[in-house]
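Reviewing the structure listed below.
The values are calculated or read from the model by the stated rules, or taken from the named source; none is laboratory data. Just so we're clear, the structure is a prediction, and the values are computed from it rather than from any experiment. Quick reminder, even Gly has a Cβ in these numbers, built from the backbone with ideal geometry, and neighbours come from all protein chains shown.
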């Protein structure tokens, strides 16, 4: 089968199209004929050699796929050859075929295209897990969602508008993306280039109460303003560390305000735990995609042959929402 391969780590140009053996599903897995996948920032980190695939998972890039089931393992129940599915995978998405655990699959609603479905499993499940299952955002509460315009941020914003329509949503964004973030329904958009310490603006917006949940991928640089923006019993969920891993923390204030700082990753969680997360997402969020309350935002669809250009677009931060990689015709 054709796949995106690498002989070494490095810049986008290390990726090339090549031939590799088709994977074989284990007893509790299915084989998916991939129509589309999407580019996620962890793909770029892995390409640079800093985010290895978990043991047993494919070393090929790609964390989510959409396509049709081509074969099923002997212990698979409830799925059949030909079913339209989208799946979370530990690796292997940039290929014509990929394997996925049966409990990591979701049916693609009839109203969704394969390209749209290819956007769901990594970004939207990451956002759902961290904002709702871990962060516990409830209707009427307030959240800060960093990284306006990125895949996880737009997913979190769309999910919050659909599942907690009365929540107040604060988003930090580059000025080039602020208007589009506002159009998605953010209640306050902060230009992070002009206001790197956003806590004063947040305090004014919340009448000094602070926010209930913060979704952060920035890390060290934002720890101080994040904690200053967090209200009593608030939760800071950290899913990335692009600005560094070390920062000073006022433990006494955190204790008094009974705040929580939670680190979270999705890829390395146990198979069963991922299955439970996907089941909850299927129950609560998938109906919003089926009725088109949520429509994945796609910046551009690239053919697999243009994978280098697709990575370069993400590296240049020229996208809003998701970048899709088309593997084959439906």
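Before moving on, here are some points about what is shown:
- Candidates 45, 14, filtered to the one that is over 19 Å from residue 99 (Cα atoms), without any contact (Cβ under 8 Å) to a residue 40 or more places away in the chain and under 17 Å from the mean Cα position of the chain (by Cα): 45
- Unmet criterion (only one of (1) surrounded by fewer than 21 Cβ atoms within 10 Å (Cβ to Cβ); (2) in contact with a strand residue (DSSP E or B) (Cβ under 8 Å, 6 or more places away or on another chain)) for residue 48: (2)
- Taking (1) in contact with a helix residue (DSSP H, G or I) (Cβ under 6 Å, 6 or more places away or on another chain); (2) more than 22 Å from residue 64 (Cβ to Cβ); (3) in a loop (DSSP other than H, G, I, E, B); (4) modelled with pLDDT of 95 or more in turn, residue 258 satisfies each apart from (1).
- Filter pass, residue 134 being closer than 20 Å to residue 278 by Cα and touching a strand residue (DSSP E or B) at 6+ places or on another chain (Cβ under 8 Å): yes
- Qualifying residue in the range 88-104 (condition: touching a strand residue (DSSP E or B) at 6+ places or on another chain (Cβ under 6 Å), on the phi > 0 side of the Ramachandran plot and surrounded by 24 or more Cβ atoms within 10 Å (Cβ to Cβ)): yes
- Meets criteria (part of a strand (DSSP E or B) and touching a strand residue (DSSP E or B) at 6+ places or on another chain (Cβ under 9 Å)) for residue 59: no
- Of all the numbered requirements in (1) in contact with a helix residue (DSSP H, G or I) (Cβ under 8 Å, 6 or more places away or on another chain); (2) buried (at least 18 other Cβ atoms within 10 Å of the Cβ); (3) under 23 Å from residue 300 (Cα atoms), residue 13 misses one, and that requirement is (2).
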